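One structure is given below, encoded as structure tokens.
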Amino acid sequence: MADYFAMLGDDIAGRPYSKAKHNRLLQAVIDRPRGSIEYKHQNISAVLKGLGEDWIPGHKPAFNFQASLVDAVVLWLNRHPDWLAPAPRMAMGPSPSALREEAMLWIGPPPTHSNAPPPDELEQMTFIARKYDVAERDARNRALGRASEERVLAHERARS
């Protein structure tokens with residue numbers, strides 16, 4: 001679990017890392033084959049996707065996992081709450097001061113209406129969602145929304 005989140009931290013921060021090197025080091029420690037480790041990482045991606053959290057794009061979610069993995073991921077996240085707070089995770093990026101700069105606001109196309117997971121993933125994602133604290137996630141989303149609105153206001157005031 002810790003190895004996966006170490007890679008995810010590097011991925012979020014834009015730091016280079018080698019999945020193969022991480023895999024080889026884990027093989028030596030836990031005596032499991034490369035494919036087994038790769039598949040477990042894909043399972044962790046699936047759990048994180050179901051929780052609505054970031055996951056490593058290079059580890060495509062594999063939804064055929066044991067229910068105990070959801071508990072393990074949630075336990076890891078509870079023990080490392082900084083992964084659930086948007087501000088500390090954003091600060092892990094390459095330049096924390098860049099977030100305070102008055103940069104141009106990027107405006108792109110809106111998301112599509114087909115954000116629903118494929119039907120074969122829906123049951124697994126529903127199972128994961130039932131184990132997740134919806135109220136806590138709602139509070140985090142509201143805080144992120146407020147911070148985003150403040151950022152837009154600061155941008156608009158800087159343009160004036």
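The values are calculated or read from the model by the stated rules, or taken from the named source; none is laboratory data. As the structure is a prediction and not an experimental result, all values here were calculated from the model. Cβ atoms come from the backbone with ideal geometry, glycine included; neighbour counts cover every protein chain shown. SASA here: full protein model, heavy atoms, side chains in, ligands and nucleic acids out. Shrake-Rupley method; radii C 1.70, N 1.55, O 1.52, S 1.80 Å.
Go through P81, P109 for me and flag whichever is at pLDDT below 60 and open to solvent by 70 Å² or more (accessible area, probe 1.4 Å).
P109
Of the residues that sit in the stretch 18-32 and are open to solvent by 80 Å² or more (accessible area, probe 1.4 Å) and not in a helix (DSSP H, G or I), which one is modelled with the lowest pLDDT?
D31
Just checking, which of G58, G35 is over 23 Å from T126 (Cβ atoms) and assigned to a loop (DSSP other than H, G, I, E, B)?
G58
Quick one: A158 ticks every box in (1) in contact (Cβ under 8 Å) with a residue 40 or more places away in the chain; (2) closer than 30 Å to D71 by Cβ; (3) loosely packed, with under 13 Cβ neighbours inside 10 Å; (4) not β-branched (V, I, T) except a single one, so which number is it?
Just one mismatch for A158, condition (2).
Take V73 and tell me if it is within 21 Å of A13 (Cβ to Cβ) and either part of a helix (DSSP H, G or I) or β-branched (V, I, T) (or both). Give the steps one after another, and end with the answer.
On the way: within 21 Å of A13 (Cβ to Cβ): yes; either part of a helix (DSSP H, G or I) or β-branched (V, I, T) (or both): yes.
For V73, the condition - within 21 Å of A13 (Cβ to Cβ) and either part of a helix (DSSP H, G or I) or β-branched (V, I, T) (or both) - is met.
Scanning for something under 18 Å from the mean Cα position of the chain (by Cα) and basic (K, R), does the stretch 23-42 turn up at least one residue?
Looking only at the stretch 23-42, we keep the residues that are under 18 Å from the mean Cα position of the chain (by Cα), and these are 38-42.
Still in the running and basic (K, R): 40.
Yes, that holds for at least one residue.
At pLDDT 90 or above, of a type outside the set (V, I, T), at negative phi and touching a Phe, Trp or Tyr at 6+ places or on another chain (Cβ under 9 Å): does that describe D54?
Spelling it out, it is not the case that D54 is at pLDDT 90 or above, of a type outside the set (V, I, T), at negative phi and touching a Phe, Trp or Tyr at 6+ places or on another chain (Cβ under 9 Å).
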